[in-house]
1. Between the helical axis of 36-47 and the dominant principal axis of the chain, each derived from Cα atoms, what acute angle in degrees is found, rounded to the nearest 10?
2. Quick one: what do you get for region 29-106 if you divide its Cα Rg by 2.2 N^0.38 Å?
3. For E286, put the label point 7 Å out on the Cα→Cβ axis and report which residues of region 166-199 keep their amide N under 14 Å from it.
4. Would you list the P(r) distribution for region 151-295, with all Cα-Cα distances sorted into 10 Å bins from 0 and each bin expressed as a whole %?
5. Can you tell me the equivalent ellipsoid semi-axes for region 161-236? Use √(5λ) from the Cα gyration tensor, largest first, whole Å.
6. Compute the distance in nm between two label points, each set 7 Å from the Cα along the Cα-to-Cβ direction, one at E255 and one at E59.
7. Suppose we keep just the DSSP beta bridges with both residues in region 81-217; what percent of those would be antiparallel, to 5?
8. If you project the alpha carbons of region 56-166 onto their three principal axes, what span does each projection cover, largest first, in Å?
Amino acid sequence: MWKPWRRRGLDIEALSRLTQKPELFSESRKLFWTDPHVSAYTLEAHLDPESDAASRPPETIDASVEWIAQLAEARFPREPIHLLDLGCGPGLYTNRFAERGFHVTGVDIAETSIRYARNSAPDAPAGNVRHLLGNYVDQALEQRFHAVTLIYGDFCVLSNGDRNRLLDRLHRLLVPGGVFVFDVFRKSYLSEEQWGPAQDWAVVPDGGFWASEPYLVLERSYEYPEADVSLRRFVIVPERGETKAYNIWRHYYDERTIRRVLEEHGLRVTGLYDDLTGAPLSGTSEWIGVVAEPA
Ligand SMILES: C[S@@+](CC[C@H](N)C(=O)[O-])C[C@H]1O[C@@H](n2cnc3c(N)ncnc32)[C@H](O)[C@@H]1O
């Protein structure tokens, strides 16, 4: 029987277009975080203590909050600390900082996460916290902060244009002596163990992460070694509807390149670590925790 809702063949034109290597950072503003279906899955991943797909495990978050809080308090021992968390997700860090008595602003582009963050915020007076829905690259913020955080590699997924805009803004966002605390991954983080083989595919008959209906996903990594960037591209072919592609741009850094980028934007590195719990830099971790301040 002819079922008009059934796909009658693959959209080869779309597939051949979407499986070409894209130009560096093209389509980088199309974020999967804002897709209503995908964001329900990412919220689940954020909240699952066993999964490190979207956030780190709770004990690591506790240790990071403690380390960052002590860092800020050491710089500003006599003032209430105002902290801005960019890409705050469902508030796993913001709400902990608020419980510690900080005045906290979180910004995230995913509505589902912001809603969760607001609903789980601690009650006043301990929790002086607000969660704003917006793009942290250009979200208007009227006040200045003692510390700005960007946690779990979000710095690495920004195009160079967005990254540079954000770095330039930090001079206006930070009070004198304030710090920017963030983490980046090294090239070693982009292993097959973390991301799967360079090319992969799966049939998802009951729907899943990328769509609620049955779909085929084609994933592939593309390398841009001249820019220290690797792209993981997901082409989603749903049983019905439009074939779509999502990009995760992955800009990897090392000690030299992260220092250089910060210096180019008038920022000075005050400390490099193996992570954001303050583990000393060994050079063998897949991550680099960075503390920087306006030069
Ligand atoms: C890998 S998650 C990390 C979330 C949180 N920092 C944590 O570690 O639990 C990245 C977060 O950044 C948010 N995000 C990505 N790009 C953004 C942008 N341009 N503006 C605001 N939020 C963004 C996503 O919605 C997501 O919640």
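1. 50 degrees
2. Normalised Rg, Cα atoms only: 1.24.
3. Taking a point 7 Å out along Cα→Cβ of E286, the residues of region 166-199 whose backbone N falls under 14 Å are 184-197.
4. The distribution over region 151-295 is 11, 34, 28, 18, 9, 1, given as percents.
5. Working: eigenvalues 244, 60, 28 Å².
Semi-axes, largest first: 35, 17, 12 Å.
6. Output for this residue pair reads 2.9 nm.
7. In region 81-217, approximately 15 percent of DSSP beta bridges are antiparallel ones.
8. 36, 31, 31
A short reminder: the numbers here are calculations on the coordinates, not readings from a lab. Please read these numbers as outputs of a predicted model, since none were measured by experiment. Note that each Cβ is placed from the backbone with ideal geometry, even for glycine, and that neighbours are counted across all protein chains shown.
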